[in-house]
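Quick notes on the structure that follows.
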Amino acid sequence: QLVESGGGLVQAGGSLRLSCAYSGLTFRSMGWFRQAPGKERDIAASISPGGSATYYADSVKGRFAISRDNSKNTVYLQMNSLKPEDTAVYYCAATRYGSSWSKIFKVEEYEYWGQGTQVTVSS
């Protein structure tokens, strides 16, 4: 139900745009998480069902931008000024129906997950 694309290898300072196509999911907040080797899966950014509210982890604020096009059932993550520490597998996820925005940064609030896409930033 969630399929990510757009990952790859990029030099530090470069940009990538991730896409997540979803189906069968309505009225749910969406998020992008990332997981580096040996580390926990952490939130990068989230967006409310209508797109009016967004959340960003401190580590990506000012560099990443999340957006969604509900007419295309797609969520995007524009990543600029990439750093080697952004290297990770990036996962798209959808929250449970009616999930609280106050908990949007928590992994346990998300019910559906994509398979992940690798982003590698070289120095």
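The values are calculated or read from the model by the stated rules, or taken from the named source; none is laboratory data. Source: prediction; values computed, not measured. Cβ sites come from the backbone with ideal geometry, for glycine too, and all protein chains shown count toward neighbours. Calculation scope for accessible area: heavy atoms of the full protein, side chains included, ligands and nucleic acids excluded. Shrake-Rupley method; radii C 1.70, N 1.55, O 1.52, S 1.80 Å.
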**Message:** Checking the conditions here, which among Gln115, Gln78 is modelled with pLDDT of 95 or more and loosely packed, with under 14 Cβ neighbours inside 10 Å?
**Reply:** Gln115
**Request:** Say whether the condition of being assigned to a helix (DSSP H, G or I) and open to solvent by 50 Å² or more (accessible area, probe 1.4 Å) is met by at least one residue in region 53-67.
**Result:** no
**Asked** In region 36-52, what residues are part of a strand (DSSP E or B) and under 16 Å from Lys83 (Cβ atoms)?
**Response** Asp42, Ala44, Ala45
**Failed item, numbered, when Cys92 is tested on (1) outside any loop (DSSP other than H, G, I, E, B); (2) out of contact with any strand residue (DSSP E or B) (no Cβ under 7 Å at 6 or more places or on another chain)** = (2)
**Message:** The conditions are (1) open to solvent by 40 Å² or more (accessible area, probe 1.4 Å); (2) more than 14 Å from Tyr22 (Cβ to Cβ); (3) free of Cβ contacts under 8 Å to residues at least 40 places away in the same chain, and Ser71 fails exactly one of them. Which is it?
**Reply:** (2)
**Enumeration of residues in region 64-101 that are farther than 19 Å from Thr26 by Cα and of a type outside the set (A, V, I, L, M)** = Phe64, Gln78, Asn80, Ser81, Lys83, Pro84, Glu85, Asp86, Thr87, Tyr90
**Asked** Between residues in region 106-123 that are farther than 24 Å from Lys83 by Cα and assigned to a helix (DSSP H, G or I) and residues that are β-branched (Val, Ile, Thr) and open to solvent by less than 20 Å² (accessible area, probe 1.4 Å), which pairs lie under 7 Å by C-beta distance while being six or more apart or on different chains?
**Response** Glu109/Thr95
**Prompt:** How about region 12-35: which of its residues are open to solvent by 30 Å² or more (accessible area, probe 1.4 Å), of a type outside the set (Val, Ile, Thr) and part of a loop (DSSP other than H, G, I, E, B)?
**Reply:** Ala12, Gly13, Ser15, Ser23, Gly24, Phe27, Arg28
